[in-house]
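Have a look at the structure below before the remarks.
Coordinate-derived values only; no laboratory data. Model, not experiment: these values are computed from the prediction. All Cβ positions, glycine included, derive from the backbone under ideal geometry; neighbour counts span all protein chains shown.
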Protein chains: 2
Amino acid sequence: MTSGALNRMFGAELFFKCENLQKIGAFKARGAVNAVMLLDEDTARGGVITHSSGNHAQALAYAASLRGIPCTIVMPKTAPVVKIEAVQGYGAEIVFCEPTLESRLETMMAIVATTGAHVVPPYNDDRVMAGQGTAGKELCEQVSNLDVVMAPVGGGGLLGGVSTAVRAMVPGARVIGAEPEIAADAKESLRTGVLQPPVDSMTIADGLRTGLGDLTLAQLISTGVQIETASEESIRRGTLLVMERLKLVIEPSAGVTLGVLLEQPDLVRGSRVGIVLCGGNVDLRPLWS
Amino acid sequence: MTSGALNRMFGAELFFKCENLQKIGAFKARGAVNAVMLLDEDTARGGVITHSSGNHAQALAYAASLRGIPCTIVMPKTAPVVKIEAVQGYGAEIVFCEPTLESRLETMMAIVATTGAHVVPPYNDDRVMAGQGTAGKELCEQVSNLDVVMAPVGGGGLLGGVSTAVRAMVPGARVIGAEPEIAADAKESLRTGVLQPPVDSMTIADGLRTGLGDLTLAQLISTGVQIETASEESIRRGTLLVMERLKLVIEPSAGVTLGVLLEQPDLVRGSRVGIVLCGGNVDLRPLWS
């Protein structure tokens with residue numbers, strides 16, 4: 001999608017890839033489907049499992065339902081009802097655990113030990129990264145001669161996949177990852193070349209609170225990605241700009257790219273820019289409470 | 001646009017015509033453009049004028065800018081800055097008046113007397129109604145074999161135009177207008193056959209607070225439209241359903257149709273239903289205040 005008003009505001013041609021309109025409302029459906037479809041018959045029969053309370057949980061449940069195999073999601077017992085119901089709607093089984101990473105992993109590995117279910121990680125996985133990258137592949141197919149491609153970065157699955165696709169298809173294009181200023185561990189990981197732990201922040205872009213993995217970091221480095229940050233206020237303004245001008249519901253994680261451009265319009269002025277809107281799963285009830 | 005989840009929820013096939021993605025964010029662009037383009041050269045040269053603080057003001061300013069003729073908008077001095085700027089963005093001149101209907105009309109007619117500007121009314125006008133009806137024409141062209149077509153009703157310009165198009169193109173289809181229960185003057189006008197004044201209500205569907213005009217009422221009667229109502233809570237739920245499931249930003253006036261179906265799903269069960277989402281101009285700042 002495009003917006004004449006946004007193009008005039010930024011002095012650039014912006015092309016939005018709308019992953020908020022994707023199945024489950026976010027790009028995560030791509031990676032989960034790719035991972036599940038690549039399993040051999042024997043492994044698939046044993047089912048898949050992950051621990052997540054976010055979009056990856058819904059994505060894996062959706063992917064498993066497509067292939068008709070069992071799916072187990074380990075979720076903290078504090079997860080919101082709406083997310084529990086969404087996963088159950090795809091027929092997955094939910095096992096609740098304590099809201100700590102230790103409890104999540106322990107609970108998941110105990111189930112793996114007894115059922116032999118196959119673990120599909122949320123981002124640090126080549127199959128998942130490749131699946132997310134199809135958003136970048138389609139963007140390059142749909143819009144010719146892109147100068148810049150932008151995507152938000154949390155765990156790096158989307159950005160790593162997109163940068164791989166762009167490098168192959170439009171070698172001269174710059175790839176810019178967008179990250180909250182108060183959770184800029186990916187930027188620091190790329191600067192130092194050493195994997196940094198996630199920053200413990202309450203950024204409004206809650207999908208980007210995770211840190212990179214070793215596989216995604218390696219991919220971002222080898223494809224020459226640049227990372228830029230946005231303040232919380234810029235993220236908020238960028239998110240509202242998309243919603244007001246494109247009339248699309250997006251989550252704040254998807255507004256970080258425009259947040260970066262509000263602070264640094266020179267990054268793209270005069271350019272043809274592809275922007276991946278990563279998802280649209282957000283609580284809208286405050287609008288008419 | 002379509003949603004598998006909404007189809008399952010209502011037991012029907014729903015096809016959404018997305019006028020929130022229209023120029024100026026609402027169907028009103030259609031009627032204003034039709035009226036302005038139909039003016040003869042002499043009349044056009046004198047410019048156009050209307051009184052409005054809503055979508056019709058932006059629509060007329062946009063239409064005049066397309067034809068390159070002067071446009072004056074009479075607005076109450078209490079109008080929100082965002083609406084003032086939107087109209088100015090299309091190059092129209094704004095004249096402020098007191099926030100009463102008397103002052104609006106008086107101010108407008110004084111300008112007409114001195115400049116000879118041509119008045120384009122917001123809905124009670126055959127050219128405007130015909131323009132809005134193109135949304136219904138396109139819907140019937142894009143989706144075959146519709147059983148039902150639904151649109152909200154305020155002044156009746158959209159519903160009158162849509163019902164005229166549907167009658168001509170899919171004569172057997174039912175046309176249902178959707179109206180807030182606490183502002184059901186259109187339903188009463190159709191029941192009695194006598195034009196009722198607008199109900200003084202604060203319905204959340206603020207675009208539907210106006211009453212019908214004599215021309216729109218006559219058109220609704222002659223095309224056999226049926227009107228159904230929704231409570232404020234159903235309008236709120238219907239609006240959120242569209243935003244959550246279709247990831248589209250809509251204004252509450254556009255959620256009234258789903259509000260009606262939440263209360264009376266039997267109206268459409270098993271049917272192919274075209275639904276006009278009238279617009280998406282809504283204040284989103286409460287989301288992250």
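If the convex hull of the alpha-carbon atoms of chain B is projected onto planes in all directions, what is the mean projected area in square nanometres?
Working: hull surface 58.6 nm².
Averaged projected hull area, Cα only: 14.7 nm².
Can you show me the helix-derived [θ] at 222 nm for the protein assembly as shown, built from DSSP H runs with n ≥ 4 at -39,500 (n - 2.57) apiece and divided by the number of residues, rounded to the nearest 500. If you can, show how the numbers build up before the last one.
Details: 24 runs with 268 residues, N = 578.
Counting only the DSSP helices, I get -14000 deg cm²/dmol.
At a 10 Å Cβ-Cβ cut-off, how would you order B:Thr203, B:Thr239, fewest neighbours first? Please report the intermediate quantities before stating the final value.
Details: B:Thr203 23, B:Thr239 27.
Lowest count first: B:Thr203, B:Thr239.
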Efficiency of FRET from Cβ geometry, B:Thr78 and B:Ala5, R₀ 30 Å, rounded to 0.05: 0.15
A:Arg191-B:Val112 pseudo-label distance in nm [points 7 Å out on the Cα-to-Cβ vector]: 6.5 nm
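DSSP beta bridges in the range B:28-119, what fraction antiparallel, as a percent rounded to 5?
Details: 0 of 11 bridges.
Roughly 0 percent of the beta bridges in the range B:28-119 run antiparallel, per DSSP.
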Per-copy distances of the B:Asp126 label point, shortest first, in nm (7 angstrom along Cα→Cβ): 7.1
Where trypsin sites (Lys or Arg not before Pro) in DSSP loops with at most 14 other Cβ within 10 Å are excluded, longest remaining stretch of chain B: B:78-268
Crossing angle, helix B:157-169 versus chain B [Cα axis fit, 0-90 degrees, rounded to tens]: 60 degrees
Helix A:55-67 axis, angle to chain A major axis (alpha carbon atoms, nearest 10°): 60 degrees
Rg/Rg_ref, the range A:1-155, where Rg_ref = 2.2 N^0.38 Å and atoms are Cα: 1.18
Distance-filtered residues of the range B:127-156 - backbone nitrogen under 11 Å, label point 7 angstrom along B:Asp40 Cα→Cβ: none
C-alpha long axis of helix B:252-263 to longest principal axis of chain B, angle in °: 20 degrees
Teacher prompt: B:Leu38 distances to equivalent labels in other copies, 7 Å Cα→Cβ, nm: 6.0
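Report the far tail of the P(r) of the protein assembly as shown, meaning the percent of Cα-Cα pairs longer than 38 Å.
Details: 62225 of 166753 pairs.
Every Cα pair in the protein assembly as shown considered, those over 38 Å come to 37 percent.
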Around A:Thr210: net Lys/Arg minus Asp/Glu count, Cβ-Cβ under 12 Å: -3
Shortest-first nm distances, B:Asn7 label point to equivalent points in other copies (7 Å, Cα→Cβ): 3.3
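For the range B:28-119, what Kirkwood radius comes out of the mean inverse Cα-Cα distance, in Å?
Values: mean 1/r = 0.0779 Å⁻¹.
In the range B:28-119 this quantity evaluates to 12.8 Å.
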